Amino acid sequence: MPLTAARVVVLLIELYAVAGLFFAVCFLPRAVTRLDPGTAGAPWSLRLLILPGVAALWPLFARRWLTGAPPPVERTAHRTKATRR
């Protein structure tokens, strides 16, 4: 029984990784510029660098892409202090 459970867990992880790679290949050429306009003029090497992160976090990117969320605003202590003045 434990070996079967381990195989199921590994299969689920593999399916998640394949879905993430498929999503990243579809997402990076077109939609990344809609979520982050700063990537519009970026070279392909940037897209290759962010590919593993997009593949790993694909559900978050898919939700932002489908809902049409605006680019995120950086919220750090430095920015908060600068806007209070």
- Note on the structure: residue 10 fails exactly one of (1) surrounded by fewer than 10 Cβ atoms within 10 Å (Cβ to Cβ); (2) more than 18 Å from the chain's Cα centre (by Cα), namely (1)
- Item | Wholly within the chain, helices (runs of 4 or more DSSP H) carrying at least 1 residues that are of a type in the set (Asp, Glu) and without any contact (Cβ under 8 Å) to a residue 60 or more places away in the chain | 2-30
- Query: Across the stretch 55-69, which residue is farthest from residue 29 (Cα to Cα) among those that are of a type outside the set (A, V, I, L, M, F, W, C) and surrounded by fewer than 10 Cβ atoms within 10 Å (Cβ to Cβ)?
  - Reply: 67
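Each value in this text was obtained by applying a stated rule to the coordinates, not by laboratory testing. Bear in mind the structure is a predicted one, so any value in this text is a computation, not a measurement. Glycine gets a Cβ as well: all are built from the backbone with ideal geometry, and neighbour counts include every protein chain shown.
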